[in-house]
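The values are calculated or read from the model by the stated rules, or taken from the named source; none is laboratory data. Please read all numbers here as calculations on a predicted model, not as lab measurements. Note that each Cβ is placed from the backbone with ideal geometry, even for glycine, and that neighbours are counted across all protein chains shown. These accessible areas exclude ligands, DNA and RNA; they are computed on the full protein's heavy atoms, side chains included. Shrake-Rupley method; radii C 1.70, N 1.55, O 1.52, S 1.80 Å.
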Amino acid sequence: MFRTVYQKGCFSILYSVGGNPLKLWTIHTKNGYVKRVYDEDIKSLVLEIMGTNVSTMYISTPRGNNQQLGIKLPFLVLLIKNMHKYFTFEVKIVDDQRFMRRFRVSNFQSKTSVKPFCTSMPMGMSPGWNQIHFNLADFTRRAYGTNYMETVRLQIHANVRIRRIYFTDRLYQESELPNEYRLIGQPKTKKPISWRVPAARPPSPQTIRGATARSTKTSIPAPEPKKEELTEEAQPPPPPQPPPEEKIE
């Protein structure tokens with residue numbers, strides 16, 4: 001499926017929040033169910049696989065029996081929740097000798113069993129959500145003395161809740177991963193609003209001279225009339241003199 005696809009960094013094959021999380025998977029149900037539910041711990045939609053028998057209730061990828069994943073990345077990462085019930089998953093790989101090897105991991109097995117084509121090993125899970133890192137290259141080398149080439153098939157059995165399943169080319173720190181690849185993403189914070197105050201500028205010399213001239217012009221009082229002029233203007237005009245009397249003889 002993905003043998004000709006460019007593979008680097010994080011390569012996701014299941015994401016519970018997407019529109020069709022089981023697009024690459026086929027469901028095998030018997031006395032159980034697979035559905036998407038809302039998980040209160042991480043406040044997100046997750047995929048829940050529950051059943052009375054872990055061997056008959058599982059999902060697998062790729063869909064066709066003759067298909068192979070062809071994923072060469074050596075680290076398998078599962079973001080899963082401990083449901084305090086039996087749980088197991090199985091990975092089928094190809095080594096450099098072209099042999100098919102299977103790794104079966106479960107929380108109900110106590111000892112590791114190595115067989116020519118299948119290795120079973122126990123897995124401890126903490127309460128709540130867990131981030132499982134499975135080094136396929138290291139387990140292949142330690143169990144069979146060969147080199148890991150690629151993953152051809154993956155099966156996830158009941159009982160578990162899944163957030164995401166992906167492969168990586170190396171182990172990444174939590175801070176190096178994108179937010180959607182983390183178990184609990186960082187909350188989105190609003191950017192602070194910064195108000196820019198314009199810097200105060202000193203007034204230009206022309207402005208200073210103009211302001212001084214205006215202030216000088218407005219401060220000069222109007223000239224007052226002289227007192228003599230006011231006195232003359234204030235005196236009333238002299239009364240008209242009567243004409244001279246003519247004597248009649």
Could you give me the percent of Cα pairs per 5 Å distance bin for segment 10-178, shortest bin first, beginning at zero and ending with the bin that holds the maximum distance? 2, 8, 17, 21, 23, 17, 8, 3, 0, 0
Considering only protein heavy atoms and a probe of 1.4 Å, how much of the accessible area of segment 10-178 is carbon and sulfur, as a whole percent? 48
For segment 10-178, what's the relative contact order in percent, using C-alpha pairs closer than 8 Å and at least 6 residues apart? 33
Note on segment 58-97: C-alpha Rg/Rh, Kirkwood Rh, two decimals, gives 1.01
Using +1 on the beta carbon of Lys and Arg, -1 on that of Asp and Glu, and nothing else charged, what's the dipole of segment 1-126 about the Cα centre, debye to 20? 360
Segment 66-124, dipole about Cα centre (Lys/Arg Cβ +1, Asp/Glu Cβ -1), debye to the nearest 20: 120
When you count, for each residue, the other Cβ atoms within 10 Å and take the mean per peptide, how do 166-179, 97-110 rank with the highest first? 97-110, 166-179
